[in-house]
Amino acid sequence: MKKLLMTVAILVGSLVVSLQPAAAAVSFPDVPASNRFHEEIQFLVNQEIISGYQDGSFQPKRNVTRGEAAIMIGRALDLDGTMRDTKFKDVTKKNRASGYIASAAAKGIIGGYPDGTFRPDQQIIRGDMAIILSRVFGLEFGSIREFNDVGMNMKASEAIYNIAGEYITTGYEDNSFRPNGKVTREQFSAFLSRGMSPEFKQRAVGNNGYALNMTKRYVYATPNGDVEEVFQQGLEGFDVPDYAGFSWKSTDLTTKEVAYFFQEETANELVTLFPFSDGFVDLLYPIEVGTGWYIDEEETLVDEITSVTETVETPFKTFTNAVEVTSDLGYTSYYVKGVGHVKTLDENGGVVSELKSME
């Protein structure tokens, strides 16, 4: 396994989601608390982005049409939904989705077919949904994930990997994405919520991995002062107007200097990436002592897992069963499941950084 070196392409223009004022909670009899996507559905209902039917139901298993998708996206972006004639010959002002279709088309979020139609009543497929959501959230930096049914020549491939990198999708357990599959109302709610909120990104990946928790604020103690790391929308200080994706912002609390990075975790590895720069492998999975990764064709060993049962003391707390990674430069780093990186020591055993708080 070679050490991963990647360049992250950051978007040059996007749309920022405008959240609507929260409305009174609505309860659907067919969306009980036991529903896998109950919280995501409720989140969008409270933002007035989705709604139920006249009989009080939500119909979570019903497939989403292209027109319905335009309505939900339009509400999320606070577009003009005034019903009106559109450039599509099958979408007139009589169609309840016409205003949102016209507005979204004008912004390049959705498009029609070569015959001049939009086909608002046609059920949307997962590949087309990926294209729309990638445009909505302005995603362009891709993913390290690989789906076995998404070829690079596929029309939706770039968009699929864009939303995968943003944890909007994680695919299926058989490592497929199923780009031609239909999208239900509950699934669409989950995808849209993940694009808008770190809470739902974290719910999508769970807490069984070694990546940083996207809902937490981390503070690390270093010899030069404390460093804060928070997951947030946007990249301040970069010439990327209206950036709508999420990244980790690292702030030196003494000097106020700021840096940004991305983390992505798959079944194979945990990787850290930097804007307009390269990335590196933090961990390879499955976690086993002796697993190492390399930097070149000569297979020069760079990092190796040297223990999986370490007890590590930090100002925050003492961790057990930490994974220890030793580098060829003598540095030793520790990772804890559900927490992420907790400590790094230099070749002399001195502290480079250690977790001080997590809240």
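The values are calculated or read from the model by the stated rules, or taken from the named source; none is laboratory data. Not measured: the values here are computed from a predicted model. When we count neighbours, we look across all protein chains shown, and the Cβ atoms used for this are built from the backbone with ideal geometry, even at glycine.
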Per-region count, the range 180-199, residues under 17 Å from Ile50 (Cβ atoms) and part of a loop (DSSP other than H, G, I, E, B): 2
Would a scan of the range 63-78 turn up a residue that is of a type in the set (Ser, Thr, Tyr), farther than 21 Å from Phe118 by Cα and under 25 Å from the mean Cα position of the chain (by Cα)? no
Out of (1) of a type in the set (Gly, Ala, Ser); (2) within 26 Å of Phe261 (Cα to Cα); (3) assigned by TED's automatic domain parsing to the domain that holds Met72, the odd one out for Ala211 is which? (3)
List the number of the failed condition for Thr309; all other conditions in (1) at pLDDT below 80; (2) at negative phi hold. (1)
Can you tell me which condition Arg145 does not meet? The list is (1) touching a helix residue (DSSP H, G or I) at 6+ places or on another chain (Cβ under 6 Å); (2) touching a residue at least 60 places away in the same chain (Cβ under 8 Å); (3) part of a helix (DSSP H, G or I), and all the others hold. (3)
Quick one: how many residues across the range 200-231 are farther than 19 Å from Arg145 by Cα, free of Cβ contacts under 8 Å to residues at least 60 places away in the same chain and not in a strand (DSSP E or B)? 2
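Within the range 139-158, work out how many residues are at positive phi and over 12 Å from the mean Cα position of the chain (by Cα).
Step one: filter the range 139-158 for residues at positive phi, giving 142.
Filter again for over 12 Å from the mean Cα position of the chain (by Cα), leaving none.
Matching residues across the range 139-158 total 0.
Conditions (1) of a type in the set (Lys, Arg); (2) assigned by TED's automatic domain parsing to the domain that holds Phe200; (3) part of a helix (DSSP H, G or I); (4) closer than 19 Å to Thr184 by Cα, marked per residue:
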| position | (1), (2), (3), (4) |
| --- | --- |
| Gln42 | no, yes, yes, yes |
| Gly74 | no, yes, yes, yes |
| Arg84 | yes, yes, no, no |
| Ala105 | no, yes, yes, no |
| Ile109 | no, yes, no, no |
Every pair of residues 6+ apart whose Cβ atoms lie under 7 Å, when the first sits in the range 102-115 and is surrounded by fewer than 19 Cβ atoms within 10 Å (Cβ to Cβ) while the second is charged (D, E, K, R) and assigned to a helix (DSSP H, G or I): Gly108/Arg135
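Surrounded by fewer than 18 Cβ atoms within 10 Å (Cβ to Cβ), part of a strand (DSSP E or B), at pLDDT 95 or above and not small (Gly, Ala, Ser) - does that describe any residue in the range 332-339? Write out each step before concluding.
Going residue by residue through the range 332-339, those that are surrounded by fewer than 18 Cβ atoms within 10 Å (Cβ to Cβ) are 337-338.
Applying the additional criterion that residues be part of a strand (DSSP E or B) yields none.
No, the range 332-339 contains no residue that is surrounded by fewer than 18 Cβ atoms within 10 Å (Cβ to Cβ), part of a strand (DSSP E or B), at pLDDT 95 or above and not small (Gly, Ala, Ser).
How many residues, within the range 39-53, are surrounded by 18 or more Cβ atoms within 10 Å (Cβ to Cβ) and within 23 Å of the chain's Cα centre (by Cα)? Reasoning before the result, please.
Initial filter on the range 39-53 (surrounded by 18 or more Cβ atoms within 10 Å (Cβ to Cβ)): 40-45, 47, 49-50, 52.
Next, only the ones that are within 23 Å of the chain's Cα centre (by Cα) stay: 40-45, 47, 49-50.
Within the range 39-53, residues that are surrounded by 18 or more Cβ atoms within 10 Å (Cβ to Cβ) and within 23 Å of the chain's Cα centre (by Cα) number 9.
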Could you tell me which of the residues Ile168, Ile163, Ile124 is more than 30 Å from Val325 (Cβ to Cβ) and β-branched (Val, Ile, Thr)? Ile124
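Considering only residues that are of a type in the set (Ser, Thr, Tyr) and in contact (Cβ under 8 Å) with a residue 60 or more places away in the chain, which ones fall in the range 173-199?
Keep residues of the range 173-199 that are of a type in the set (Ser, Thr, Tyr), which gives 176, 184, 189, 193, 197.
Correct list: Thr184, Ser189, Ser193, Ser197.
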Residues being in contact (Cβ under 8 Å) with a residue 12 or more places away in the chain, acidic (Asp, Glu) and either surrounded by fewer than 17 Cβ atoms within 10 Å (Cβ to Cβ) or assigned to a loop (DSSP other than H, G, I, E, B) (or both) - total across the range 276-298: 4
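Report whether or not Phe147 is among the hydrophobic types (A, V, I, L, M, F, W, C) and over 27 Å from Ile101 (Cβ atoms). Don't jump to the end; show me each part of the working.
Values: among the hydrophobic types (A, V, I, L, M, F, W, C): yes; over 27 Å from Ile101 (Cβ atoms): yes.
Considered against the rule, which asks whether it is among the hydrophobic types (A, V, I, L, M, F, W, C) and over 27 Å from Ile101 (Cβ atoms), Phe147 comes out as yes.
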Odd one out for Gly56 among (1) in contact with a Leu (Cβ under 9 Å, 6 or more places away or on another chain); (2) surrounded by fewer than 15 Cβ atoms within 10 Å (Cβ to Cβ): (1)
Per the filter on the range 155-172, residues in contact (Cβ under 8 Å) with a residue 24 or more places away in the chain and among the hydroxyl-bearing types (Ser, Thr, Tyr) are Tyr167, Thr169, Thr170
Top-ranked residue of the range 316-346 - restricted to ones that are farther than 17 Å from Val302 by Cβ and of a type in the set (Gly, Ala, Ser), ranked as farthest from the chain's Cα centre (by Cα): Ala322
